Amino acid sequence: MHQLTGTAGALYEAIRDLPIVSPHGHCEPRWFAEDAPFPDPAALLVVPDHYVFRMLYSQGVSLEALGVPEPGRGADPRAVFRLFAQNWHLFLGTPSRFWMAYVLRQTLGIETPLSAETADAVYDQIAARLAEPGFRPRALFDRFGIEVLATTDAALDDLAHHAAVSESDWPGRVIPTFRPDAVLDPSHESFLSNIDELGRSTGEDVATFAGYLAALRARRGFFKARGATATDHAIEVIETVWLDDPEALYQKLRCGEAAEGEGRAFYGHMLIEMAQMSVEDGLVMQIHGGSRRNTNADVFARFGRDKGADIPIAVDWVRGLDALLNRVGNAPGFGLILFTLDETTYARELAPMAGHWPCLRIGPPWWFHDSAAGIARYFDQVVETAGYWNLAGFNDDTRAFLSIPARHDLWRRGVALHLEAQVGRGFFDMRDAEIVAPLLAVDLARDAYRLGA
Amino acid sequence: MHQLTGTAGALYEAIRDLPIVSPHGHCEPRWFAEDAPFPDPAALLVVPDHYVFRMLYSQGVSLEALGVPEPGRGADPRAVFRLFAQNWHLFLGTPSRFWMAYVLRQTLGIETPLSAETADAVYDQIAARLAEPGFRPRALFDRFGIEVLATTDAALDDLAHHAAVSESDWPGRVIPTFRPDAVLDPSHESFLSNIDELGRSTGEDVATFAGYLAALRARRGFFKARGATATDHAIEVIETVWLDDPEALYQKLRCGEAAEGEGRAFYGHMLIEMAQMSVEDGLVMQIHGGSRRNTNADVFARFGRDKGADIPIAVDWVRGLDALLNRVGNAPGFGLILFTLDETTYARELAPMAGHWPCLRIGPPWWFHDSAAGIARYFDQVVETAGYWNLAGFNDDTRAFLSIPARHDLWRRGVALHLEAQVGRGFFDMRDAEIVAPLLAVDLARDAYRLGA
Amino acid sequence: MHQLTGTAGALYEAIRDLPIVSPHGHCEPRWFAEDAPFPDPAALLVVPDHYVFRMLYSQGVSLEALGVPEPGRGADPRAVFRLFAQNWHLFLGTPSRFWMAYVLRQTLGIETPLSAETADAVYDQIAARLAEPGFRPRALFDRFGIEVLATTDAALDDLAHHAAVSESDWPGRVIPTFRPDAVLDPSHESFLSNIDELGRSTGEDVATFAGYLAALRARRGFFKARGATATDHAIEVIETVWLDDPEALYQKLRCGEAAEGEGRAFYGHMLIEMAQMSVEDGLVMQIHGGSRRNTNADVFARFGRDKGADIPIAVDWVRGLDALLNRVGNAPGFGLILFTLDETTYARELAPMAGHWPCLRIGPPWWFHDSAAGIARYFDQVVETAGYWNLAGFNDDTRAFLSIPARHDLWRRGVALHLEAQVGRGFFDMRDAEIVAPLLAVDLARDAYRLGA
């Protein structure tokens, strides 16, 4: 790990050990409800991490050989880990390598450098660690200094694990996030049955649009009661539209009579309905835009979603959010955080928009851009127009629980390097930098997600 | 203010005190015609500066509280200034903070650092300064070392203030720029009445397209006689098209029978007509493309234009200018300066285009990108393909007269830093850098706008 | 020339003198077949170099004065060279200046700095050099340390020069590349007659689509037998589509009855056919996308293709390659190298795609972006997501044979600077950098193009 020195070193030291606020991510609440030991090293570090196996796949390693779940198949975890170790060089220059090296050394305390030769030894050391009580989910959560961790949960989820956590004697704060894509977006494969389920779970009559809205409102209330402070929405092509007669389209959709373009319009309308409900109930709205999902049809058919074939596309936030913002964008108390995979929109669209609309905050670099250079480009392109107070701090956005400290550390290093450059260019002095550093590390995230202190 | 040292320091020193050439901006000619003292600090520095109040608005400060003009309302200037001072931290990292700090210390000579606590004291000090004769418009113009200042004026403007200036005994050169959007673009709210007014003011019969063209030619001549060397055109979506029968469409527009797409085509045609007139009369053509205006309908309805809700969109200069360039792009003597808010077009489109077409020059970083990092990105992305001689030097493009020296200073610092890096990488030596530095600071602007020496 | 020091210097020294692998470019095979002296300095360095004369044209120098070939015209080479020397300053900051300075000093051994005053002297020195045996094509090829040089050749080319080279006693490896645009793309001006010629040259019956495919397969085999390891395809708007009935469209095209959109669809289909043939015959597929050709109609009409008016446009690799990748993207052994002029696709599209699809590699910075800053942006934006092993190393892509060492040198400097920064930031150590440096300089190109060692 690189030692930061000088101004950057001083700024980094000041924020390195601050609590971790993790307002958006994909950890499983079950881990903290059950507090069972994590399984074997491959199942923990390789198999579920699409950042990792996509790279191996790109160099000709089959997903089967990596143990990526396929009905009726299995793979020896030690063999999987060996394959990973043999290809460790492929990650040179990528954040995955930084995170993994940090996890191995800092989090798991393993001194042996990873290589094809050491694969088995490292595997055994990790396995031994995972058997220790200090490496169970709750103990790690505490050791990581996590103040709050938000998961991402389907609108129909019963949140039983969240309930179990909050009813336990463990004080860790694990909160849900309301993710209703599957009941809002008609292009979802089980949209109609999801709506029926939504009706059943809320007791609302979803045969009418009004009942459908009431059911959604009820689910939002349920999530809020379980601690949620935010919703999250994925959309490939950014499009919002306020329909004059959503009821009519809703009925067409329920009869399966709507055209594809109409489904998109309906989703665009529903995002505005969600925004309006956010004004009512105070849940902060997140939009993750511009990821084209499952672009490898064969991999999708065989292995399902989230297999490394989600690819960014260019987006148009200005026209795409026009209808939404012109309906609720000036409403007091409304909070909307935008995440982009199209970096060209940082300076061109998001920073000017966030520098005007009271509701908007720019989310941190997302996914492929949550990296050292990605973080540098983000600061370079958003700060001059949006300032710091229109940013949403950091999200780790990960399902790799062990990597959370590594990811926050990379961000905090990026913050320190950015502020060092600002001080060096004379744009502000060290005192200002010392104000901005903890803001970026923790406070903006707390504030943007209304998480309290 | 940061002290540049080493190579950058030497290059900066050599250009820091060169005259200011300001070939494009939005100062009011009345100031220099009347030479009255500037009003109170809030009315000078906060209320009219959409860079400033948009940021405050984005953080929940109402435009009313900032005294942004709304029919029948007013605000106490001292209260407005206090509000600004209380939120001074919001500008950390933005060029507005650099400019404002420069204006306060360098231009107004105020040593007290701005803060919530010092708001009233700073207000009083500024007010005292503004009452001094040395802080009237003409005295400041002289002190700033402004060689020439171009304003931007509607095609129907009578240019009386410009006349008053040139007929006065004050030698300052304040010239108009011909901005005909409102008589060329059918989407303008008063397009038809503007055309009638155009006919009245020129004595041409605008009932025919030929008469309309003659009237435009007459207005261009009028501006040129008042010292104009350039025209300026705003266009949201870059589109030029040469119509076979513009007369027919002109008549449809006058009868209010044209579709919206036709209005855009008409404007696209008229930009080519303007380019052809530029070939005739030698006025340099400027196109500012890709700003989507007034995206906040509520703010627009209540406060009007230029209220911080103009947001950039992606543009396509290649296809968009195809018709124009293929009609006049090779014409000797034609000058066309392009301004973009879509930085992705720097390296992809503008630099290759300017590196081929004899008429083209790339305008300096515009609006949100007129900032330290924006300037660095500009040089990084245009120079290698376009070289230096296809650039148009610097524009301050401001309505904030007091900030003109600050803006040129930021640019000159950016020039020095860029050239230092070039010398450091061995791409050219100090002697070359000493040639390029004044070129970028002053000479390219003089040359591109045909302003003489 | 700048002296690299420290870490960058050490890394550069280690790769500076490695062999040159040039897997994609536009040198003429005739040079190496005939081994005749190069003509005069203007004809060698100015007239054919569209990087050079486009810049002069952009500053008002006519193409006629530069001797750019126009039917029935000529220009005195000494006068052309003088004109170039007088305008040498225009290239400050561009890679053309770096390359040319390198060629003059390093390659031709000329110490006199180029300027208006020295034009004739430098001209004479170059002319003298070109008359020496050591400056004939083969001698230079050997002196440059070229391991292999690929040319780019029309599908109908008889490859006689390649045959002459390989049958000669000179051991230089000069291989062809199969470039079939003119027989695949219906928008090509002589598409139909090219197909007839394709039939004649292969003996296949191109009256049917099956015969047309067979003829293409035969030509690929012919190229492969002459040493080709790759194909190359240019496409303006990236679009691939798998047609259900290509035969029907083929017949419409042959009758001249297809609409323009259909021509594009046919080409989009044929790219997939080419990809499928690549799976069969192992030729690596290259796609150069997003250059809009001949945008200056007047220059095109008078001087023809490749006259500096080819301008990049924004592209969409994700949707554009969807059909192709979903047909053959997972096929073992398929190799596809993508070249973009739209740098926004580096991080957004190409790196995520190359980091997933087994077939994909990202080509090096192309054309306008093959420059110091362009190379830095490339590494900054591709490595974190794609790693190093999904890159295709370097291409010089030049028709300026003398500039090949200069171009590889600029790349190798860029590699050293990039790796120095990586080491400096602690992302990997010097040992890793020493592994990656030769990979980027030579090995990835050898591997991606299947050129052996």
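The values are calculated or read from the model by the stated rules, or taken from the named source; none is laboratory data. None of the values given here were measured: they were computed from a predicted structure. Virtual Cβ from ideal backbone geometry, glycine too; neighbours counted across all protein chains shown. Ligands, DNA and RNA are stripped out before the accessible areas are found, and what is left, the full protein with its side chains, is counted by its heavy atoms. Shrake-Rupley method; radii C 1.70, N 1.55, O 1.52, S 1.80 Å.
Give the chain A residue with the shortest beta-carbon distance to the rotation axis relating chain A to chain B, plus that distance as a whole number of Å.
Taking the axis that maps A onto B, the answer comes out as A:Thr344, 3.
Check the straight Cα-Cα distances from B:Lys224 and name the aspartates and glutamates below 14 Å, setting aside those fewer than 8 residues away within the same chain.
Excluding near neighbours in sequence, the set is B:Asp153, B:Asp157, B:Asp158, B:Asp232, B:Glu280, B:Asp281.
So, with a 1.4 angstrom probe, what is the percent of accessible area on the protein assembly as shown that is carbon and sulfur?
The C+S portion of the solvent-accessible surface of the protein assembly as shown is 51 percent.
Using a label point 7 angstrom from Cα along Cα-to-C-beta, what distances in nm, from shortest up, separate C:Asp142 from the other copies?
Spacings between copies for this position, smallest first, are 7.7, 7.7 nm.
Which percent, nearest 5, of DSSP beta bridges in chain C are antiparallel?
Counting only bridges with both partners in chain C, antiparallel ones make up about 10 percent.
Quote to one decimal, in nm, the extra length available between C:Asp158 and C:Ala218 on full extension: 0.36 nm per residue of separation minus the C-alpha distance between them.
In short, 20.3 nm is gained.
What gaps in nm, shortest first, separate C:Gly109 from its twins in the other copies when you place the label 7 Å past Cα toward the beta carbon?
Those separations, rounded to one decimal, come out as 6.7, 6.7 nm.
Between B:Asp281 and A:Glu257, how high is the FRET efficiency from 1/(1 + (r/R0)^6) when r is the Cβ-Cβ distance and R₀ = 51 Å? Nearest 0.05.
Between B:Asp281 and A:Glu257 the formula returns 0.25.
Determine the order of A:Val423, B:Val21 by accessible area, beginning with the largest, at a probe radius of 1.4 Å.
A:Val423, B:Val21
With unit charges on the beta carbons (Lys and Arg positive, Asp and Glu negative) and the dipole taken about the Cα centre of the protein assembly as shown, which residue among A:Gln3, B:His369, C:Tyr346 sits farthest to the positive side?
So the residue we want is A:Gln3.
Ignoring ligands, DNA and RNA, how do A:Val47, A:Val183 rank by accessible area with a 1.4 Å probe, largest first?
The most accessible residue leads, giving A:Val47, A:Val183.
Given contacts defined as C-alpha pairs under 8 Å and at least six residues apart, what's the relative contact order of segment A:62-193, whole-number percent?
Computed over segment A:62-193, the figure is 15 percent.
Using Cα positions and a limit of under 18 Å, work out the aspartates and glutamates in reach of A:Lys252, with same-chain residues fewer than 8 apart set aside.
Partners within reach: A:Asp185, A:Glu189, A:Asp196, A:Asp205, A:Asp244, A:Glu260, A:Glu262.
Identify the residues of segment C:401-422 with backbone N under 20 Å of a label point that sits 7 angstrom from the Cα of C:Asp306 along the Cα-to-Cβ direction, or state none.
Output list for this probe position: C:401-408.
Give me the distance between the Cα centres of segment A:86-106 and segment B:1-66, rounded to whole Å.
Cα centroid to Cα centroid, the span is 48 Å.
So for chain A, averaging the separation of alpha carbon pairs under 8 Å that are six or more residues apart and normalising by length, what relative contact order in percent results?
It rounds to 19 percent for chain A.
Tell me the distances, shortest first, between A:Gly333 and the same position across the other copies, using label points 7 Å along Cα→Cβ, in nm to one decimal.
6.6, 6.6
Can you classify segment C:174-232 as rounded, prolate or oblate using the Cα gyration tensor, where a ≥ b ≥ c are the square roots of its eigenvalues, rounded means a/c under 1.5, and otherwise it's prolate if a/b beats b/c and oblate if not?
The shape class here is oblate.
Please report the antiparallel percentage of the DSSP beta bridges confined to the protein assembly as shown, to the nearest 5.
Here the antiparallel bridges make up roughly 10 percent for the protein assembly as shown.
Taking amide H atoms as placed 1.01 Å from N in the peptide plane, list the residues 5 or more away in sequence, or in a different chain, whose amide H sits under 5 Å from that of C:His233.
Distant-sequence amide H within range of C:His233: C:Gln286, C:Ile287, C:His288.
Per DSSP helix of 4 or more residues, -39500 (n - 2.57); summed, then divided by the residues of chain C. What does that give at 222 nm, rounded to the nearest 500?
That comes out to -13500 deg cm²/dmol.
So, taking all protein chains as they sit and a 1.4 Å probe, how much accessible area belongs to A:Lys224, in Å² rounded to tens?
100
Per residue of C:250-257, what is the mean number of Cβ atoms on other protein chains within 10 angstrom of that residue's Cβ?
Per-residue shielding by partner chains comes out at 0.
Just check the protein assembly as shown against the gyration tensor rule for me: Cα atoms, a ≥ b ≥ c as the square roots of the eigenvalues, rounded for a/c under 1.5, and otherwise prolate or oblate depending on whether a/b exceeds b/c.
rounded
Could you tell me the distance between the Cα centroids of segment B:361-422 and segment A:332-352, to the nearest Å?
Taking the Cα centre of each part, segment B:361-422 and segment A:332-352 sit 25 Å apart.
Pairs of alpha-carbon atoms within less than 8 angstrom and 6+ residues apart define the contacts here; what relative contact order does segment A:39-133 have, in percent?
Relative contact order here is 29 percent.
Distance in nm between label sites at A:Glu34 and C:Arg78, each 7 Å beyond Cα in the beta-carbon direction?
That separation, rounded to one decimal, is 8.9 nm.
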